[in-house]
Amino acid sequence: MLRCFTKDIKIKVNINGKFLMKYFYLLLCVLASYVSSVQAMSDCSNGNNTQEVNECAEKNKIESELTLNKEYKAAKNRIEHFYKGHDQEFSQYRSAFLDTQRHWLKYRDSQFRLEAYAAEEGSDAYVSVMNFCIDRLDKERTAILKQLPY
């Protein structure tokens, strides 16, 4: 590990010898997700009634899930290409990638339940909060997947 900036920030060297600045990428992902979640909320805030807002939130969630799934597949392909010829590293990275995605999905589903806790399950309010939350988290995850492999 190469230490940079402070003792706590580390930069890893990958198998090709390139320096990877994962903390810089993390900052970019956070900024991108903030901008995209604000944009999604402003689109739905233009609704004239609760039904329009709920429909907008559901539409945004569906689009975010489709985009997330496409980016997940693209990240898998990039990882495979990046580690081509390095079977052991590829196997380890792919395993970590799959485990992380599974855990992230559990986190996402738990997070929307937490955010919608005050609403009665199945109510319009619950579904709307769920849709906004999943949309926001899917966009954040998509931004992170676009950076893979680190």
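No value in this document is a laboratory result; all are computed from the given coordinates. All of these numbers come straight from a predicted model, not from anything done at the bench. Cβ: placed from backbone, ideal geometry, glycine included. Neighbour counts: every protein chain shown.
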*asked:* Below 20 Å, Cα to Cα, which aspartates and glutamates can residue 84 reach? Residues fewer than 8 away in the same chain don't count.
replied: 71
*Return 53, 127 ranked ascending by Cβ neighbour count within 10 Å, so the fewest neighbours appear first.*
127, 53
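Using Cβ counts within 10 Å as a stand-in for footprinting exposure, how do 86, 103 rank, fewest first?
103, 86
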*Ranked by Cβ crowding within 10 angstrom, fewest neighbours first, how are 79, 62 ordered?*
62, 79
